Amino acid sequence: MGLTLTEKILSAHLVEGEMVKGTEIGIKIDQTLTQDATGTMAYLEFEAMGVPRVKTERSVAYIDHNTLQSGFENADDHRFIGSVAKKHGIYFSRPGNGICHQVHLERFGIPGKTLIGSDSHTPTGGGIGMIAIGAGGMDVAVAMGGGTYYITCPKVVKVNLTGKLQPWVAAKDVILEVLKRMSVKGGVGKVIEYCGEGVKTLSVPERATITNMGAELGATTSIFPSDEVTKGFLKAQGREGVYVPLSADADAVYDEEININLSELVPLAACPHSPDNVKTAEDLSGMKIDQVCIGSCTNSSLLDMLKVAHILKGKTVHPDVSLSIAPGSKQVLNMLAQNGALSDMIDAGARILESACGPCIGMGQSPNSKGISLRTFNRNFEGRSGTKDGQIYLVSPETAAASALAGVFTDPRTLGEMPEFKLPERFTINDNMIAAPVPAEEMDSVEVLRGPNIKPFPVSEPLEETIDAKVSLKVGDNITTDHIMPAGAKILPLRSNIPKISEYCFAVCDEKFHDRALEMGKSVIIGGSNYGQGSSREHAALAPLYLGVKAVITKSFARIHMANLINAGIVPMTFANEADYDRIDQTDEIVIEHIGEQIKNDNGKIVCEDRTKGFKFECVTDFSQRQKDMLYAGGLLNYTKQNA
Ligand code: MIC
Ligand code: SF4
């Protein structure tokens, strides 16, 4: 029986378990990446592990999220990460060099290798044939120390691409179509593998747009084969030496199959407030808009920017629209400057932003009240833009640019003939903003520089005999990590200060949560399905940990968040009978007797009691032995120390 590409790469990296779908496997990690908003914690955790030098083939620390620097906090974090990186063997991509996923694709990604990153859009690397997975900072710290990374052996979905995209229809429309069909929870436990004749019509940056936003499916990752197109991209980046051809066997067996005829796709948009709420641009056309933001790790490649510049050339942004553009990397920005495309953007009235996440994470450019904002980004969760009632639509760069000129939602196919856009034979290569670490023998000479905002992370306690705690919060379905631990310009600078950032925990849902949880001392959270979707931020587990949350009981969890809860020593459980969700109210007293003993049970059943209402209910868990041990120890750090 033939193998899928996913199975080939995973089995080549398998160090624990067997390739049995649904069971836990441990894989060796070749590369890691961090960004600054999750990186400070990840490096504090790495330091706490006491491993002197990273053991990966390549680890890179990027600064791209917190670049506003409206106080000392961001800059202190940058300095801390820069110095830690230098000391411990990590490459440091300086602020201004670009968004982690874009730069990693350009300068470091290697087909067939494994990559984990403390950012949920790490699957961007799948565009170049990597198994690239988003993870919590602690998992990345462990992988940097040479530790194994654990995932549930995934099912593999085949997306069979045929045909060719029509003019002005984009890679973004492909992933929006997949999201429309599969939904934001459709990818949980799965890898999305793209195959078929249509693959070769897509460039590497286009493939990366698709794998990037595969994160919104809840998928473990997404991957494209490595072929002649990949080779051409690597060659143009001066890295043809790392090319290897990779694809699934012709007789590979998949768990699910989706067929997409690229020729039939039309421009699409994800409407507020979910990436799977997809409509056609045509249906939305004519709607008045206030803002357009082009950029983010989904759509900020040179190819995207050249298309935008072409559309804007010689025109002016509509008087009622604010257009901002953030090219994804220094390489992209520099090449736009060199070939004059940047001038076309500036001339049209675009507000050029630095190469960073910027508006995507609410770092500036929040829309006006009730503002309608078209963005080429990947997430449109409520409030994420920084404007609570902002209405965010996720679109392709083509749709964004066309709409910015017209002042109304515009189907880019109305632009007329489309010229052919080609990637250059050779990108402008200058890695002068990537600082290499010092050699191992010189590491003692490097001082790690810490600012006053950097506080130690909360220590978790070994699992108690009995959890007896009140429900501090009950929430509904599809709660995102942006609900649990919001980002944005005001809160992001507190990422290295858990006590302080905890004040904003769940503030979007309930401003009193922080005080109530602290007052309760210990508590339990009740959630609906797909709880914790979105970001990889472990702050969404560390803040609840700091506030005394002992267990989270939901209808279902998103993958990275569930792993982060276990890493923090908080017990995630799902209702055996979903109807029990309705019977429990906020402030009810929940008692879980002998929880440790119960977790040991092989059947995964946990009996809980709502003592306020006086009924028992059952929860289910599916912990591996390693996860059980982590929970007994009170999280991954304690567990790692115990096993060291
Ligand atoms: C995001 O897009 O939500 C982020 C900000 O990049 C996060 C990481 C973070 O919260 O720092 C992610 O996607 O993991
Ligand atoms: Fe940055 Fe936005 Fe990409 Fe997250 S999704 S890494 S915030 S650009």
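Results for (1) in contact with a Pro (Cβ under 7 Å, 6 or more places away or on another chain); (2) under 17 Å from I467 (Cα atoms), shown as yes or no for each residue.
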site	(1), (2)
I553	no, yes
T574	no, yes
I584	no, yes
E597	no, yes
V620	no, yes
Q625	no, no
D629	no, no
A633	yes, yes
K641	no, no
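Of all residues in region 23-42 being more than 11 Å from ligand 2 (Cβ to nearest atom) and outside any strand (DSSP E or B), which is most open to solvent (accessible area, probe 1.4 Å)? Looking at the filtered set, the residue picked out is K28.
Just to check your reading of the model, which residue among K164, K158, K200, K185 is part of a helix (DSSP H, G or I) and of a type outside the set (A, V, I, L, M)?
K200 is the lone residue from the list that is part of a helix (DSSP H, G or I) and of a type outside the set (A, V, I, L, M).
Among the residues of region 175-205, the ones that are surrounded by fewer than 22 Cβ atoms within 10 Å (Cβ to Cβ) and more than 17 Å from the chain's Cα centre (by Cα) come to 11 in all. When region 84-104 is limited to residues that are over 15 Å from N432 (Cα atoms) and touching a Ser or Thr at 6+ places or on another chain (Cβ under 6 Å), the one that is nearest to ligand 2 (Cβ to nearest atom) turns out to be H101.
Tell me which residues, restricted to region 261-290, are surrounded by 24 or more Cβ atoms within 10 Å (Cβ to Cβ) and within 16 Å of ligand 2 (Cβ to nearest atom). Spell out how you get there, then give the answer.
Kept after step one, since they are surrounded by 24 or more Cβ atoms within 10 Å (Cβ to Cβ), are these residues of region 261-290: 267-270, 275, 281, 289.
Residues satisfying the conditions are A270, P275.
Note on region 580-615: residues that are outside any helix (DSSP H, G or I), free of Cβ contacts under 8 Å to residues at least 40 places away in the same chain and either hydroxyl-bearing (S, T, Y) or more than 24 Å from G476 (Cβ to Cβ) (or both) amount to 8.
To keep it simple, each residue is scored yes or no on (1) under 30 Å from H483 (Cα atoms); (2) surrounded by 15 or more Cβ atoms within 10 Å (Cβ to Cβ); (3) touching a Gly at 6+ places or on another chain (Cβ under 8 Å).
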position	(1), (2), (3)
Q365	yes, yes, yes
R379	yes, yes, yes
S396	yes, yes, no
T410	no, yes, no
N430	no, no, no
A435	no, yes, yes
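Residue by residue, here is whether (1) part of a helix (DSSP H, G or I); (2) surrounded by 16 or more Cβ atoms within 10 Å (Cβ to Cβ) holds:
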{"residue": "T211", "(1), (2)": "yes, yes"}
{"residue": "A215", "(1), (2)": "yes, yes"}
{"residue": "S222", "(1), (2)": "no, yes"}
{"residue": "V229", "(1), (2)": "yes, yes"}
{"residue": "F233", "(1), (2)": "yes, yes"}
{"residue": "G241", "(1), (2)": "yes, no"}
{"residue": "A248", "(1), (2)": "no, yes"}
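Which condition from (1) buried (at least 21 other Cβ atoms within 10 Å of the Cβ); (2) over 22 Å from V54 (Cα atoms) is the one that G137 breaks? Failing condition for G137: (2). Helices (runs of 4 or more DSSP H) fully within region 437-509 that include at least 3 residues being open to solvent by less than 30 Å² (accessible area, probe 1.4 Å) and within 16 Å of ligand 1 (Cβ to nearest atom): 481-484.
So, in region 43-82, exactly how many residues are open to solvent by 10 Å² or more (accessible area, probe 1.4 Å), of a type in the set (S, T, N, Q) and touching a residue at least 60 places away in the same chain (Cβ under 8 Å)?
Step one: list which residues in region 43-82 are open to solvent by 10 Å² or more (accessible area, probe 1.4 Å), which gives 44, 47-58, 65, 67-73, 75-76, 78-79, 82.
So of that shortlist, the ones also of a type in the set (S, T, N, Q) come out as 56, 67, 69-70.
If we keep only those that are touching a residue at least 60 places away in the same chain (Cβ under 8 Å) as well, we get 56, 67, 70.
So the answer is 3.
Identify the residue in region 326-349 that is part of a loop (DSSP other than H, G, I, E, B) and open to solvent by 10 Å² or more (accessible area, probe 1.4 Å) and, among all such residues, is nearest to ligand 2 (Cβ to nearest atom). I'd like the intermediate steps shown before the answer.
Kept after step one, since they are part of a loop (DSSP other than H, G, I, E, B), are these residues of region 326-349: 326-328, 340, 349.
Now restrict to residues that are open to solvent by 10 Å² or more (accessible area, probe 1.4 Å): 340, 349.
On the way: G340: 26, G349: 23 Å.
Per the stated criteria, the residue is G349.
The values are calculated or read from the model by the stated rules, or taken from the named source; none is laboratory data. Fair warning: this is a prediction, and the values are worked out from it, not measured in the lab. Please note: Cβ atoms are built from the backbone with ideal geometry, for glycine as well, and neighbour counts cover all protein chains shown. Protein only, heavy atoms only, side chains kept; ligands, DNA and RNA dropped before computing areas. Shrake-Rupley method; radii C 1.70, N 1.55, O 1.52, S 1.80 Å.
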